[in-house]
Amino acid sequence: FCFLHGFDAEEDLVGNLASMSTNERIKAIQKMPETMRKKREIRNKVLKEITKKSRHRGARTSCCMQCLQGAAVSFRRFGNTLSEYFHQLWVWHKTLKIIGAEFGTSVLSYFVFLKWLLNFNIFSFLINFSFITIPQFLAAEPNNLSFTGLELFTGAGYFQQTVLYYGFYTNATISKMENGASYNMQLAYIFTVGVYFVICFLILLFSMAKFFSRNFINPQAFSVNASKLLCTWDFNITNEKAVKLKQKNLCTQIKEGLTEVNKEVLNFSAMERVFRIAVHLLAWVVSLGTAAAACTGVYFLSINNLKLFMKEHRNDLESQTAMLVLPVIVSLLNTLIPFFFSWLGHLERFQTPGQHIYVTITRNIILKMSIVGILCYYWLNIVAASDSQCWETLVGQDIYRLVLVDFIFCLLGSLFGEFLRRIIGTTVCKSLGLPEFDIGRNLLDLIYAQTLTWIGILFSPLLPGIQMIAFFIVFFVKKVSLMRNCQPPCKIWRTAQMMTSFIFLLFCPSFLGVLSVIGVTVWRLKPSEECGPFRGLPSMYAAVTEWIQILESYTASKWVVWIYHNLITSELFFFIISSFVLIVIYLYWQIIQGRKTMTELLRKQINN
């Protein structure tokens, strides 16, 4: 009786699957708690049942229909094969797996963030190149300056008369035909930059939400239980190297989880606590004093550097080479002081590696963002008020040099900072051993470089392309340096929330600070009279105001004028939007708190 009952149940299952669509049937078979052999048997029976029904109904498919079905199947197979090949073409896919298996999620999070920034700059470059640079090629005048090669380091000379800088772009309306469509370069420039920053804001916001949901809200993402050991193996892996890599990766994940579970809480006496607090306070005073001294030096150096450039060698290439002094000093400070901060962190003896990394990151971001703030003040208040014919191009050259020299110092840091440390630790002083990968210092180098790129987009539209190449090289240089010179962390620990923290630091203070700089430049500063798409206007935003005034005379464009006056320039509209956003944030926060409470109750029930 049981046998007949089981046979009838299987027949019903086959009949139900045969009546489903192809996608539904595939998903239903995949979700069955059966072995792969059993699933194949069920699939074959379903296909036979479908064939039997089609023959029984006498529905003979025409020759044309068979050709279409065959072409559809071939196209689907070709698409799957193509996607697999493209998946293999991403050279960092295997690299990330190896890094995660050898060094754990803490080091892996740095390379994932670097890859994320690389994709971000590819997107930025495509937008600027498509809507700003390509139209300028149509109206570009020939460059009469000679190329000497020194321009690759100074960003001046020949590059001044190219699409690399703001000053080269025209303020005219580009039209190749007399009665054809025209392209307003002023509007294209400001709208491309504006829409780009809106897209960046949304991408950063949704990325933070996604990683927050993955790492904070979902407790299964970082829970350690028997399922990690029993249910995570992929039985489709047959390659010996892939099997060993998967074993290492799984072993590292289990170690990280056990470290979290077996975390020891150290109990200190009252004197020990007072001593530790005093050490922490002293370290913070020293680190903040160092950052303040570095910012003061950068400020006076930048002022003297501008005087040298403006007075003695107004258009000489040697003077522009002398302008490399500022980026070299800034990069030296940004390279050497973080090593000092890391040394301070070792003296403080934090209880966990996570505390050490987060404190080091905080000190480094105070240093780097303070230096960037001093430079922005110098550009917007001193360079913009100077006698330069095109102060926007001068700012673009400064940022180009800073990005380039920072990239060179990043490569030299991997060579002399990690390679020499390995030589010393393995030959001269073997007690030191191999160095560990400094996540905090390397992470802030990325955020600093991306901040410069965002500031420079308005003055050098192709800067994301340069940063894209730099990040691509840095990825593989850091990977080689990590594999050859560094050892895995001595204390293995889990970094479930680290990627969320990285993007939050990129959003605040980096991105929000850049928005304030761009806002001051667009709304308050007067553009140069002799260069750039906004020459002759009281401000860059005046181009939008003049465009709206022109649209008011056209009946078909009244809706654009209404949106501008009643939405974009209306304080009430933004007040309502802000209130709505705050209400939604509060509701979602309450939902999160409710889910956390429910999670705790469910865990107690499981324990019971």
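Residue 460 meets each of the listed conditions (1) outside any helix (DSSP H, G or I); (2) surrounded by fewer than 16 Cβ atoms within 10 Å (Cβ to Cβ) apart from (2). Against the list (1) within 30 Å of residue 125 (Cα to Cα); (2) surrounded by 13 or more Cβ atoms within 10 Å (Cβ to Cβ); (3) at pLDDT 75 or above; (4) not polar (S, T, N, Q), the condition residue 214 fails is (3). One residue stands out among those in the stretch 118-168 that are among the aliphatic types (A, V, I, L, M) and farther than 23 Å from residue 199 by Cβ: the one that is modelled with the highest pLDDT, which is 152. Here 490, 486 are screened, and the one residue that is modelled with pLDDT under 80 and over 21 Å from residue 330 (Cα atoms) is 490.
Every test in (1) open to solvent by less than 70 Å² (accessible area, probe 1.4 Å); (2) at pLDDT below 65; (3) in a helix (DSSP H, G or I) is passed by residue 224 save one, and that test is (3).
Among the residues of the stretch 370-405, those identified as acidic (Asp, Glu) and crowded, with 20+ Cβ neighbours inside 10 Å are 392, 398.
Within the stretch 157-173, identify whether any single residue is part of a helix (DSSP H, G or I) and of a type in the set (A, V, I, L, M), and answer yes or no.
Step one: of the stretch 157-173, the residues part of a helix (DSSP H, G or I) are 157-161, 166-168.
So of that shortlist, the ones also of a type in the set (A, V, I, L, M) come out as none.
No, because not a single residue in the stretch 157-173 is part of a helix (DSSP H, G or I) and of a type in the set (A, V, I, L, M).
One line per residue, one yes/no per condition, for (1) touching an Asp or Glu at 6+ places or on another chain (Cβ under 7 Å); (2) within 22 Å of residue 191 (Cβ to Cβ); (3) touching a residue at least 12 places away in the same chain (Cβ under 8 Å):
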residue: 548; (1), (2), (3): no, yes, yes
residue: 569; (1), (2), (3): no, yes, no
residue: 574; (1), (2), (3): no, yes, no
residue: 591; (1), (2), (3): no, no, no
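Residues in the stretch 102-159 that are surrounded by fewer than 15 Cβ atoms within 10 Å (Cβ to Cβ), touching a residue at least 60 places away in the same chain (Cβ under 8 Å) and among the acidic types (Asp, Glu): 0 in all.
With the structure loaded, tell me whether residue 433 is on the phi > 0 side of the Ramachandran plot and more than 14 Å from the chain's Cα centre (by Cα) or whether it fails that test. Against the criterion (on the phi > 0 side of the Ramachandran plot and more than 14 Å from the chain's Cα centre (by Cα)), residue 433 qualifies.
Does residue 366 fit the bill of being closer than 21 Å to residue 441 by Cβ, part of a helix (DSSP H, G or I) and open to solvent by 10 Å² or more (accessible area, probe 1.4 Å)?
Numbers: closer than 21 Å to residue 441 by Cβ: yes; part of a helix (DSSP H, G or I): yes; open to solvent by 10 Å² or more (accessible area, probe 1.4 Å): yes.
So residue 366 passes the test.
It is to be established whether one or more residues within the stretch 531-553 are assigned to a loop (DSSP other than H, G, I, E, B) and basic (Lys, Arg). Within the stretch 531-553, one or more residues are assigned to a loop (DSSP other than H, G, I, E, B) and basic (Lys, Arg). Filtering the stretch 379-396 to residues that are assigned to a loop (DSSP other than H, G, I, E, B) and either within 9 Å of residue 167 (Cβ to Cβ) or touching a His at 6+ places or on another chain (Cβ under 7 Å) (or both) leaves 389, 390.
The values are calculated or read from the model by the stated rules, or taken from the named source; none is laboratory data. All of these numbers come straight from a predicted model, not from anything done at the bench. Neighbour counts run over all protein chains shown; Cβ positions are idealised from the backbone, glycine included. When the accessible area is computed, the model is the full protein with side chains, heavy atoms only, and any ligands, DNA or RNA have been set aside. Shrake-Rupley method; radii C 1.70, N 1.55, O 1.52, S 1.80 Å.
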